[in-house]
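Quick one: the structure is below, questions incoming.
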Amino acid sequence: MERYGLLGEHLGHSFSPQIHKAIGGYDYSLFEVESERLEDFLRNGDFKAINVTIPYKKAVIPYCAALSRQAAAIGSVNTIVRRGDGTLYGDNTDYDGFLYTVRQSGVEVAGKKCVIFGDGGVAPTVRTVLHDMNAGAVVTVSRKGEENFSNLSRHYDAQILVNATPVGMYPQNGETVAELVPFFRLEAAFDLVYNPSVTEFLRQAAAHGAVAVNGLGMLVAQAKRASEIFRDVTVDDAVIEPIRQSITRQEMNIALIGMAGSGKTTIGTALAAMTGRRFVDCDDLIPQYAGKSIQDIFAQDGEAVFREIETAVLRDVSKESGTVIATGGGVVTRPENLPLLRQNSVTVLLRRTVEELPSEGRPMSQKHGVAALYEQRRPLYEAWGEYAFDCVGVEETARAIKEALHL
């Protein structure tokens, strides 16, 4: 029986089995192998072809009887095939994955100054691809190299940036390997991280007006090329984008915004049930964080303290994937909450007429009046909502959201 899979030490969750199933219809296993067992696995393991991830991309090279041009040039192997005579052939499909990502972005690399953040892992692959695409200066910035973060200002004229480090990856959401504001010529940023979907690195790049691309397309594209090598077949590149989109939809959160009483809890619960997602109501978590009810927070500490707690809750909740999130009605009053939502969520505005909105048990509605509060917040709701739905019934509205988002 032909066996395919992924070799690593601590693999955890991986999209690779799902991706390979979609590409070729075959099973794909996860092989967690400790370092002392690596040689035995490579020589005697029950596999026909495997992918290789950290920490073994260099360690497997001595066991390969032959390497592809790319693998030899990069000094890293992420794909191994057991040939008919039992010997191993090593290749590097990360090269193909990053090449596809850059081409798909439409960014012109030739002659451009590029900065790669990080010198380990896949960084040599990125460097090789950029050189092969006739980039101009390609600079590697690392913590201890000659080009490092203490002299990064030398390279503020870079036009293309690549984050080849894990900085900003879940659960360290919100971190960035560098502040991008000073890069005055920035045209494009590629982050090889794909969870969260929009890292702080990419958020800053997009705010700069630059093309901003995460690493999920690279993951799928390298798997497509690996599948070709595994089976000695040709697979059309057209399979890549639908798989990338499918995983994106699967992993994204649906964040419901709108006035208190607009139906975020009831519709969110129904939507979660329809789509097999977890449901989280931020207002249910706030008392757990504060050790007191929302009404007591407002009465004893005031709105400013409540908003700080609300943001802290949102910061944790929005890191997750595949969740339906009901936010508080005032979440839009703090600009810092929007990037928290957008990193992994699509924001959906639920609209209800003022006459239908209750005020009982809602401190802000009781204090300011529902109509005045709604008028104050309406421009923010409209600006934050990527989709908007009038509430016409719990099941009907949940179903409309599901269909519109292709969930």
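Can you tell me the orientation of helix 123-132 relative to the chain, as the angle in degrees between its alpha-carbon axis and the longest Cα principal axis, to the nearest 10?
Once rounded, the angle reads 70 degrees.
Hey, can you grab everything whose amide H is under 5 Å from the amide H of Tyr170? Only 5+ residues off in sequence or another chain; H modelled, so Pro and N-termini drop out.
Hits under the 5 Å cutoff: Asn195.
Then there is this: When N counts the residues of the stretch 252-404, how does its alpha-carbon radius of gyration compare numerically with 2.2 N^0.38 Å, as a ratio?
On the way: Rg = 14.4 Å, N = 153, 2.2 N^0.38 = 14.9 Å.
For the stretch 252-404, the normalised Cα radius of gyration is 0.97.
Additional query: With each run of n ≥ 4 DSSP H residues scored as -39500 (n - 2.57), what mean residue ellipticity at 222 nm is computed for the chain after dividing by its residue count and rounding to the nearest 500 deg cm²/dmol?
On the way: 16 runs with 161 residues, N = 407.
Theoretical 222 nm ellipticity from helices: -11500 deg cm²/dmol.
On to the next question. Considering only DSSP beta bridges where both residues belong to the chain, give the percentage that are antiparallel (nearest 5). Could you put the intermediate results ahead of the total?
Working: 8 of 51 bridges.
DSSP beta bridges in the chain are roughly 15 percent antiparallel.
What order, most packed first, do the peptides 33-44, 244-255 have when packing is the mean number of other Cβ atoms within 10 Å of each residue? Walk me through the numbers before you get to the answer.
Details: 33-44: 12.8, 244-255: 19.1.
The densest-packed peptide leads the list: 244-255, 33-44.
Then there's this: Quick one: dipole size for the stretch 221-375, taken about the Cα centre, charges +1 on Lys/Arg Cβ and -1 on Asp/Glu Cβ, in debye to the nearest 20.
On the way: 18 positive and 21 negative charges, 45 e Å.
In total the dipole reaches around 220 debye.
Now for a separate question. Using 19 Å as the cut-off for backbone N distance, which residues of the stretch 320-361 belong to the label zone defined by a point 7 Å from the Cα of Asp301 along Cα→Cβ?
In the stretch 320-361, the label zone of Asp301 (backbone N under 19 Å from the point 7 Å along Cα→Cβ) covers 327-337.
Here's another thing I want to ask about it. If you count, for each residue, the other Cβ atoms within 10 Å and average over each peptide, how do 9-15, 134-140 line up from highest to lowest? Each step should come with its number before you reach the end.
Values: 9-15: 12.9, 134-140: 17.0.
Averaged packing, sorted descending, gives the order 134-140, 9-15.
Using the Cα atoms of the stretch 170-213 to build a convex hull, what is its mean projected area in square nanometres?
On the way: hull surface 10.8 nm².
So the mean shadow area of the Cα hull is 2.7 nm².
Peptides 286-295, 190-199, 381-390: what's the order by average Cβ count within 10 Å, highest mean first? It would help to have the intermediate numbers written out before the result.
On the way: 286-295: 14.4, 190-199: 25.2, 381-390: 16.0.
Packing proxy ranking, top to bottom: 190-199, 381-390, 286-295.
Show which lysines lie in cross-link reach of Lys319 when reach means a straight Cα distance below 26 angstrom and same-chain residues fewer than eight apart are skipped.
Those lysines meeting the cut-off are Lys264, Lys292, Lys402.
Pick out which of Ser345, Ser16, Ser318 has the largest mean-square fluctuation in a Gaussian network model of the chain, springs linking Cα atoms closer than 10 Å.
Ser16
Can you bin every Cα-Cα distance in the stretch 1-149 into 10 Å intervals starting at zero and give me the percent of pairs per bin, rounded to whole numbers?
Going out from 0 Å in 10 Å bins, the stretch 1-149 shows 11, 35, 34, 17, 4, 0 percent.
In the chain, if every C-alpha pair distance is counted and binned at 10 Å from zero, what percent goes to each bin?
Pair shares across the bins are 4, 20, 26, 22, 16, 9, 3, 0.
Work out how far the C-alpha atoms of the stretch 96-214 reach from end to end along every principal axis, then list the three figures in whole Å, largest first.
That gives 35, 31, 28 Å along the principal axes, largest extent first.
Could I ask something else about it? Nearest 5 is fine: what % of DSSP beta bridges in the stretch 258-401 come out antiparallel, could you say? Each step should come with its number before you reach the end.
Working: 0 of 8 bridges.
Percentage antiparallel, nearest 5: 0.
Enter the Cα centre distance for the pair the stretch 208-238 and the stretch 4-35, rounded to the nearest angstrom.
Between the Cα centres of the stretch 208-238 and the stretch 4-35 lies a distance of 16 Å.
Can you tell which of Pro17, Pro242, Pro339 shows the greatest fluctuation in a Gaussian network model of the chain with Cα springs below 10 Å?
Top of the fluctuation ranking is Pro242.
With only Lys, Arg, Asp and Glu charged, each at its Cβ (+1 for the first two, -1 for the last two), find how big the charge dipole of the chain is about the Cα centre; round to the nearest 20 debye. Intermediate results must be reported in sequence, preceding the final value.
Values: 41 positive and 51 negative charges, 103 e Å.
Dipole magnitude for the chain comes out near 500 debye.
Picking from Ser321, Val370, Gln159, whose Cα lies most toward the positive end of the charge dipole for the chain (charges on Cβ: Lys, Arg +1; Asp, Glu -1)?
Toward the positive end, the furthest listed residue is Gln159.
In degrees from 0 to 90, rounded to the nearest 10, what is the angle of the helix 370-384 Cα long axis to the longest principal axis of the chain?
Approximately 20 degrees, to the nearest 10.
Values quoted throughout were computed directly from the atomic coordinates according to the rules given, and no laboratory measurement underlies them. What you see is a predicted model, and the numbers here were worked out from it, not measured in a lab. Please note: Cβ atoms are built from the backbone with ideal geometry, for glycine as well, and neighbour counts cover all protein chains shown.
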